[in-house]
């Protein structure tokens, strides 16, 4: 089964390209401490705003910090924002989706009203509200993005659970008295995994993009910690005199979010059971 | 944070500059001509076009053009006549009598009288009016208007900064009477006495003023003043490069950017009336020892901070008054930058460098947190540089950047911090009682570092009581030296203002009061005029 | 139908209360007051003045009491006055609504006009070069940080080529222009914002159109249409597209809240006087009444949008429209 | 005269990037005016055959790898797009299994029929189009107005199938292919629809190709029967020959599974196993694994086709007969 999916991804050139981008990104994030030529927060005022060259591959910023090293470390931060935020969203969304779909009735309608309320909030407005009123920090960014992006997934999972619940193997499991937790984890979860994987992949890209938007508004990851969004926002103010400060983070965000989207779409195709006929 | 003065661009000041930058746009000998627009911009929209209610910079700069105070600062920061022709101070220093200018008309044609001054004063102290400026007038015992053109203010005690407080814009009684002051429509369609008349306000887009043909100091040469709202700084700069705005205050990096950007602009450069500091929590046992603070003072390289943050466009600070103020004490010599000295002092206190490169004592690292507010890049950059300078000495400084409101309430007001980086924008009068007096340490008050020196307390009291400038000068210079020696703050730097103005504007002169003090005398030669007033 | 409508409308009330309560709670959980911005760390403002300001703004009461007061006024459709300039919040919103509507409707139209053909054509030529190029194109639009792209295009078209104005909605001499110059002037100012917001918003709709179309093309009735010898254009653009686009109608309704929620970053970079900026600035200045007004109107619009989406879908799809026969 | 001549037709489908050989070297003829039933289990390729004739194998589904189809003297695989269009609906029509999915759900039934007429008669005015569409509805025994403006979901299953037939015969094609036309209908309605085919055949002189898995239906309604298995034609002949005297063991088993057709006393023969996986190349007879009379040779060599007049069979058991 997995082999078939893998083949489908490999045959989908765009998805493969997405996978390559994400792999490179992950490697950059994992290896940043070995690869980075400079300390990402190490300042050198005398070497500020130097263009790309042999000493600094991607130039230096307004405090003389090496942009290439900051980009590498930034990948770590941007990626962890994406992954943790999505992790939170998946956790909540899946739990609510499964509980809602499995129990139905009052619990279902109560949870779905909650979903409606969260969905009715313009997401970015909510994120803005929370972050503006709390201390802006990488953790708050992760948590808030996570807390606001689960309802879509909850609906997907719920729909999936609704169709599975009536299948024989679940009914049989119930008859022989399998515990609910076991039913959740053994029967329901594996069968809802593909929409979760797809929306998680797309979600990581979204979260990275949201962080850059928050950084633009001054509410993202705070310095000196380098996130791409924050580097881009800094670069924006220097766009007239130091183009490299915005170009590289901008392209990195573009490529990464694009990569996650292409892979996500590819996964959607590959995991779509309808294509099996 | 922002001290709004009812004077145009009042925050700007002038000192000598050595790099060929113009002090003034060449005074043009030709006869000034009328016409053209002046386009400027701001990050935020104005709130109230009413000097009593407005607290933001945007409203402040517009109100300065529409309203006049009784007095104002001249270009050399001497208090001079505005709506008041002249004034005298009683011998005991308790009463000030203003003689108002006659024949001044409000923009709607009504005559300006002492009733308007009385009305303005009553609003300032009215508990129902949403003004934060009431405390300046709390010391007033009574305000009398013996006739249409005389105002006599009597104080409960002598209060030297009183005159400055009468720079507050005077609002028209006849416009506001009978309506709720806080929500009057006149707060969006102001009627003043100033050189410019309100024309239109397109929310979040622009505010347009037109010249006041009947201005008592003569009709301004420029026909229209347009205030555009451009919320993003890089876009604002883009508009400047596109020459679609005529004036902008630059960041040091913008100032240093390619020359051809500015071929059409005159650049001005002078110290602003403000300073940035790192303040210590003196209640914190860590910092209550002055030797520790002195060590830190030696550890910081202010010039590197100024070069890094301001590209050298600023001066190292030694005390709470900027160098262009008469209160500044030039004899105060700054701490020598010497990491060795810093380490020596700390070693003598028992700190030892360990393998990790940091100083340790009793199993603890020398570690503290520097806080500053979110949204101020200069301050967070300063924090980052300080962090790395302290690291070189073996001190581990963490940085925390916190949203303004939480910063004030959870940390500043509760004395819940190690060190903060903040700045003070200063009034021209050196009275800083609220900042340094040892009693001003309650929640919401400004001596949040907990500075206490009985002698400084006494000097601060005296400074407020004496009108004589020579005596005041002595008092404040002493305060400067004492505060410097006590190191409640490390005074980091005095930043500079870096405005550029389009070259076609003549008679632009940077003086101690900045460049905008004579805005109504700016003019554009007829053949260089860019915009035409169509009617 | 009427019953259904009434039920739906009643159902929005608890939702609205829930949403406004959350907004209100978030704002009041943290310490600090909106008046701080005018008074804190300003040596001219004494502690007494601060207390006075708080009282005048009604901030001295506990938050649930403030919320109850707010709710009572909300019942009378009174959103209170802005703390920033003392004007009614609803007036401030109304002032910016036309500009927001103009931009959003234009860009939505653009998105529809581009996304639907792209989606249909990509589905018909699935896996062709066109399909792949469009996939990358629309996702690139989604992935690029909008403010960065905006700045780059401003530099290119505004500064370097001098073809378009850089920011704002009107030229300085707008009020002196004749009707046609005004239209031309506004259009020039709108080109960049509309194009960029359309480009960055293209992905959702075009991918939706594509997958919807792919589903439809697999249906038997498409085979039937071919078997009857219908011209291919008619099959694709009428027989298939009509089915594929039905669900898209609902998106029209669902994009209503974007009129408020979408513009924070966009309107800031373009100095565009719209709702998003109002909301953002209100949040940053803790202008509670405006934040609450924007929040509850956004929520109302979302609820309304959902309702409209359902109704239009029911109206457009004969399977639902004629259900009762 | 042969209206349709299929020779050596092979078709492949794609499934997970693998080729599935849905038709293998299939040859078949239909004479003008006759009715032929194509029978076999599901998945045997009979629907593929129907789609091939109409050119309805979509490029993403699969492709014709070899063979020729001559329709009314024309080689249809050499057709241009326009020629195809002229064939479909005009000269040949097809009716699918599920009338619910074969009619467009968002277009009124009348308009769909009208579109079919318009496609081949661009010169007709709106009124004339409507008249022809009405005629066609009348032909399938549906009374006009109400049906005309209805959407498919408003009709019953039988009405829908009639409407689909009306669209298919709107331009009086010579060949009508009915692909399992009654499978999804109620038993009572099945008969009505089949009766309708008889009526159309008689009135319009249609040539009918009825694809079905239902042997009794085939026996009742058609003159000739073609039996398919695993993409191959295994037995073909007159209805009488096939039903009374089936030769291929598979046909035998098929007929024996229907009690009504089974000779009294004959045993029910049950077929073990499943039809073969068509994505794998089969050596020998594809029925061999299930065949009750399998011989060694069946597993090694593909069986020859034994032909004679209106009859053919593909089996080693009968290869000798001729020799």
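Ellipsoid semi-axes for the stretch A:2-276, based on the Cα gyration tensor and the rule √(5λ), read 41, 22, 14 Å when sorted largest first.
Axis of helix B:290-299 versus longest Cα principal axis of chain B: the two differ by about 80°, to the nearest ten degrees.
If you plug the beta carbon distance of residue B:43 and residue D:77 into 1/(1 + (r/R0)^6) with R0 = 56 Å, you get a FRET efficiency near 0.20.
Rounded to the nearest 10 degrees, the inclination of helix C:241-254 to the longest alpha-carbon principal axis of chain C is 0 degrees. Each listed q (0.07, 0.11 Å⁻¹) maps to a log10 I(q)/I(0) for chain B, found by the Debye formula over equal Cα scatterers with no solvent: -0.43, -1.05.
The alpha carbon convex hull volume per residue for the stretch A:1-102 rounds to 152 Å³.
Computed over the stretch A:76-121, the P(r) curve from all C-alpha pair distances, binned at 5 Å from the origin, holds 5, 21, 19, 21, 14, 9, 6, 3, 1 percent per bin.
Three principal axis extents describe the C-alpha atoms of chain C; from largest down they are 85, 59, 38 Å. Summing -39500 (n - 2.57) over the DSSP H runs of n ≥ 4 in chain D and dividing by its residue number, what mean residue ellipticity at 222 nm do you reach, to the nearest 500 deg cm²/dmol? That comes out to -10000 deg cm²/dmol. Can you work out the FRET efficiency for the pair residue C:4 and residue A:185, with r the C-beta to C-beta distance and R0 = 41 Å, to the nearest 0.05? Given R0 = 41 Å and the Cβ-Cβ separation, E is 0.55. Normalised radius of gyration (Cα atoms, divided by 2.2 N^0.38 Å) for chain D: 1.03.
DSSP beta bridges confined to the protein assembly as shown are antiparallel in about 75 percent of cases.
Evaluated over the Cα positions of the stretch D:92-172, the convex hull gives a direction-averaged projected area, one quarter of its surface, of 4.7 nm². So the label point goes 7 Å from the Cα of residue B:396 along Cα→C-beta, right? Which residues of the stretch B:332-356 then have their backbone N under 17 Å from it? What the label zone holds, given the 17 Å backbone N cut-off, is B:351-356. For the pair the stretch C:124-145 and the stretch B:38-81, the centres of their Cα atoms are 53 angstrom apart.
Cα-based values for the protein assembly as shown, radius of gyration first and Dmax second, are 41.6, 146 Å.
By other beta-carbon atoms within 10 Å, ranking B:131, B:251 with the fewest at the front produces B:251, B:131. Averaged over peptide D:95-108, the number of partner chain Cβ atoms lying within 10 Å of each residue's Cβ comes to 5.
Panel order for B:326, C:315, B:436, D:84, by other beta carbons found within 10 Å of each beta carbon, from fewest to most: C:315, B:326, D:84, B:436. Against the main long axis of the alpha-carbon atoms of chain A, helix A:67-103 sits at an angle near 10°. The three principal axes of the C-alpha atoms in the stretch B:173-214 carry coordinate ranges of 29, 28, 9 Å, sorted with the longest axis first.
Taking the number of Cβ atoms within 10 Å of each Cβ as an exposure proxy, the fewest-first ranking of B:400, D:160 is B:400, D:160. Give, to the nearest whole percent, the P(r) tail of the stretch C:80-123 beyond 12 angstrom, counting all Cα pairs. Considering the stretch C:80-123, 68 percent of its Cα-Cα pairs are separated by more than 12 Å.
Taking N as the residue count of the stretch A:93-230, its C-alpha radius of gyration divided by 2.2 N^0.38 Å amounts to 1.27. For residue B:138 and residue C:77, what is the calculated FRET efficiency with R₀ set at 45 Å and r taken between the beta-carbons, to the nearest 0.05? Computed FRET efficiency for residue B:138 and residue C:77 comes out at 0.65. For the residues of A:203-216, the average number of beta carbons from a partner chain within 10 Å of their own beta carbon is 3. Considering the stretch C:74-228 at the alpha-carbon level, its Rg and Dmax are found to be 21.3, 69 Å. When you count the other C-beta atoms within 10 angstrom of each residue and take the mean per peptide, C:74-83, C:8-17, A:262-271, C:178-187 line up highest first as A:262-271, C:74-83, C:8-17, C:178-187. Once you have the Kirkwood Rh of the stretch B:58-160 from its Cα pairs, apply Stokes-Einstein at 10 °C and 1.306 mPa s and quote D in µm²/s. Estimated via Stokes-Einstein, D reaches 107 µm²/s. For the stretch C:187-255 and the stretch B:364-433, what is the centre-to-centre distance using only Cα atoms, to the nearest Å? Taking the Cα centre of the stretch B:364-433 as reference, the centre of the stretch C:187-255 is 55 Å away.
Overall, the ratio between the Cα radius of gyration of the stretch B:197-274 and 2.2 N^0.38 Å, rounded to two decimals, is 1.33.
For the Cα trace of the stretch B:274-496, dividing Rg by the Kirkwood Rh returns an Rg/Rh value of 0.96. Build a GNM of chain A with springs between Cα atoms under 10 Å apart, and of A:240, A:11, A:56 the one that fluctuates most is A:240.
Peptide A:232-245 is shielded by partner chain Cβ atoms: per residue, an average of 5 of them sit within 10 Å of its Cβ.
A short reminder: the numbers here are calculations on the coordinates, not readings from a lab. Predicted model, so just to flag it, every value in this text is computed and none were measured. No Cβ is skipped: glycine too gets one built from the backbone with ideal geometry, and neighbour counts run over all protein chains shown.
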